[in-house]
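The values are calculated or read from the model by the stated rules, or taken from the named source; none is laboratory data. In this text the structure is predicted, and so the values were computed from the model without any measurement. Cβ: placed from backbone, ideal geometry, glycine included. Neighbour counts: every protein chain shown.
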Amino acid sequence: MRVRRLFFGISAILLTAGLLSIVAGRALAGGHGAQTGAAKTPPAAGRVQIPAAPSASQTAAPEKKETQGYTLSREKYDKAVEYSRTEYGLYFIDFVYGLLVLWVILRFGIATKYRDWAEGASGMRLVQVVIFVPLLMLTSAILELPTSIYGHSLSLKYEQSIQRWRSWFWDWTKAQIVFLIIATLLAWILYGVIRRSPRRWWFYFWISALPILLFMLFIAPVVIDPLFNKFEPLDKSHPDLVTAIEGVVHRAGMTIPRERMFLMQASVKTNQINAYVTGFGASKRVVVWDTTIKDTTTPETLFVFGHEMGHYVLHHVRNGFIFVAAFLFVAFFLGFHAIHWTLGRWGGSWGIRGPDDWASLPALLLLLSVIFFISSPVLSGFSRYQEHQADVYGLEVIHGLVPNSSEVAAHAFQVLGEVDLADPNPPAFITFWLYSHPPLADRLVFAHTYDPWSKGESPQFVK
Ligand SMILES: [Zn+2]
């Protein structure tokens, strides 16, 4: 529903392309439930109407009350605010800390030492990259471990995660291994093109990285995701739900084959509710977390599915990829100029020979981190736009199939917000900067009031 993954997919691609800065390690881990804290999007949220006397209004008329706004008990409200604000703070601290780590690696000669070891070991570039990149990545990952650990301890404290430390750490380790492999490959290509084309390498690297990223997007659901969570065909455990879902799919005149619907056993690690669309071409699929099915009614699950179906039918993964590719084109161009400027200024004192020196990699990662960070509002804005479209789609596709569909959708948001501790009242700046979804309270109100049918207007997607 939050399709957190879509956003993570995008950020993972981005950051991977940025040669898997440490930040990237987290993006993937976070996306896979390792919840390493950092690049984690804060819970989707919104503005809440706190009742003047919250507990009173809750107990007053429990039945037949319409879900008109995101309403939390005083205790939950405080908890949601506290949790979200801590996560926002962590997000920014983490970014700055990540820069600091890279700076330390440059300033104190760690990068040049690793380069010397790599070059001393062999004259072959391939051997050098296999030594240099893992050393660098592991060093930064370990230096960044404290913020990752803090992130997980927060999600444990607020009962979002139930994953034990041993399992969390194992996920962290697996994420590092996956990243090391991809990062080494990309660095190998990057420094190859830098040596061959000192002036246009940013363009050639962009061109050559795209098919690799596309391939990763394609294999991720089949190869990478199962390293972190268990998936099974939804049909196997919930055939009735799949049949109900097929009703929704047919209503839209669409087809999503049954075998493209998966159940993820999220409940072993998390209490959160979620579903997402992932993959590309033959690996494209809808994934529903078992927590969603457990915590919501069947009509509500159908709405959640309708939202995901929106992402599926409207090709959001593909469009996201195109958007990110265009963004990377600009980012690499800027990175190219920035690295020349930076090395011209500090390269000598850091002991870096030039852009084609392995030891320049942390400097490039640092610059790309800054570029990605500054671009956050653009990427978040794009994601929020897609999420809103998916909400519209979900509302339209269950209309007429599920009785009182607006209320069902609004209540689904209420449940989602309560379980995931969605911020009832996020600061506008935070929404602008890093919300991958519109604030939950806004989504709820939209769901409750969206009604083109009674106004004689044409629905946007599902006619
Ligand atoms: Zn979504």
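Here is a yes/no grid of residues against (1) outside any strand (DSSP E or B); (2) assigned by TED's automatic domain parsing to the domain that holds Asp391; (3) at pLDDT below 90; (4) not aromatic (Phe, Trp, Tyr):
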| residue | (1), (2), (3), (4) |
| --- | --- |
| Met254 | yes, yes, yes, yes |
| Glu259 | yes, yes, no, yes |
| Leu263 | no, yes, no, yes |
| Ser267 | yes, yes, no, yes |
| Val277 | no, yes, no, yes |
| Ala282 | yes, yes, yes, yes |
| Val287 | no, yes, no, yes |
Report task. Test Ile219 against the stated conditions and say whether it is away from the ligand (no atom under 16 Å from the Cβ), part of a helix (DSSP H, G or I), within 25 Å of Phe323 (Cα to Cα) and not polar (S, T, N, Q). Result -> yes
Report task. Could you check how many residues of the stretch 58-94 are modelled with pLDDT under 50 and surrounded by 15 or more Cβ atoms within 10 Å (Cβ to Cβ)? Result -> 1
Requested in this report: Output the qualifying pairs, or none if there are none: Cβ atoms under 9 angstrom, residues six or more apart or on different chains, first residue in the stretch 245-262 and touching a residue at least 24 places away in the same chain (Cβ under 8 Å), second residue acidic (Asp, Glu) and surrounded by fewer than 20 Cβ atoms within 10 Å (Cβ to Cβ).
Outcome: Ile256/Glu246; Arg258/Asp235; Arg258/Glu246; Glu259/Asp235; Met261/Asp235; Phe262/Glu232
Report summary line: Restricted to the stretch 309-329 and to residues being of a type outside the set (A, V, I, L, M, F, W, C) and assigned to a helix (DSSP H, G or I), the residue nearest to the ligand (Cβ to nearest atom) is His311
Query raised in the report: Hey, does the stretch 352-370 have a residue that's among the basic types (Lys, Arg) and part of a helix (DSSP H, G or I)?
Result: no
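Wholly within the stretch 64-178, which helices (runs of 4 or more DSSP H) include no fewer than the required count, namely at least 3 residues that are outside the structural domain of Thr291 (by TED's automatic domain parsing) and among the hydroxyl-bearing types (Ser, Thr, Tyr)?
Where helices (runs of 4 or more DSSP H) fall fully within the stretch 64-178 and carry at least 3 residues being outside the structural domain of Thr291 (by TED's automatic domain parsing) and among the hydroxyl-bearing types (Ser, Thr, Tyr), they are 74-107, 145-157.
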Report task. Confirm whether Glu246 is within 16 Å of the ligand (Cβ to nearest atom), part of a helix (DSSP H, G or I) and either of a type in the set (D, E, K, R) or surrounded by 21 or more Cβ atoms within 10 Å (Cβ to Cβ) (or both). Result -> no
Report task. Please verify whether the stretch 418-430 includes one or more residues that are at pLDDT 95 or above, assigned to a helix (DSSP H, G or I), touching a Pro at 6+ places or on another chain (Cβ under 9 Å) and away from the ligand (no atom under 15 Å from the Cβ). Result -> yes
Query raised in the report: Can you find a residue in the stretch 122-144 that is exposed (fewer than 14 other Cβ atoms within 10 Å of the Cβ), modelled with pLDDT of 95 or more and among the small types (Gly, Ala, Ser)?
Result: yes
Requested in this report: Looking for whichever is in contact with a Gly (Cβ under 7 Å, 6 or more places away or on another chain) and among the small types (Gly, Ala, Ser) here; the options are Gly247, Gly306, Gly279. Which one fits?
Outcome: Gly306
Query raised in the report: Could you say whether any residue in the stretch 343-365 is among the aromatic types (Phe, Trp, Tyr) and more than 30 Å from Phe132 (Cβ to Cβ)?
Result: no
Requested in this report: May I ask you to list the residues in the stretch 295-317 that are under 26 Å from Gly381 (Cβ atoms), touching a residue at least 12 places away in the same chain (Cβ under 8 Å) and surrounded by fewer than 20 Cβ atoms within 10 Å (Cβ to Cβ)?
Outcome: Leu314
Report summary line: Of Arg345, Arg384, the only residue that is more than 16 Å from the ligand (Cβ to nearest atom), surrounded by fewer than 24 Cβ atoms within 10 Å (Cβ to Cβ) and either touching a residue at least 24 places away in the same chain (Cβ under 8 Å) or more than 28 Å from Val313 (Cβ to Cβ) (or both) is Arg345
Query raised in the report: Can you tell me which residues in the stretch 348-378 are among the polar types (S, T, N, Q), within 29 Å of Gly120 (Cα to Cα) and surrounded by fewer than 21 Cβ atoms within 10 Å (Cβ to Cβ)?
Result: Ser349
Query - Verdict on His437 being within 16 Å of the ligand (Cβ to nearest atom), outside the structural domain of Ser155 (by TED's automatic domain parsing) and in contact (Cβ under 8 Å) with a residue 40 or more places away in the chain - result: yes
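Considering the stretch 298-308 alone, what residues qualify as being of a type in the set (A, V, I, L, M) and near the ligand (Cβ under 10 Å from one of its atoms)? Let's see the steps before the verdict.
Pass one, the stretch 298-308, residues of a type in the set (A, V, I, L, M): 302, 304.
Answer for the stretch 298-308, where residues must be of a type in the set (A, V, I, L, M) and near the ligand (Cβ under 10 Å from one of its atoms): just Val304.
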Report summary line: Scanning the stretch 262-317 for residues that are among the β-branched types (Val, Ile, Thr) and closer than 15 Å to Leu217 by Cβ gives Val277, Thr278, Val287, Val317
Requested in this report: Could you tell me whether His238 is away from the ligand (no atom under 16 Å from the Cβ) and surrounded by 16 or more Cβ atoms within 10 Å (Cβ to Cβ)?
Outcome: yes
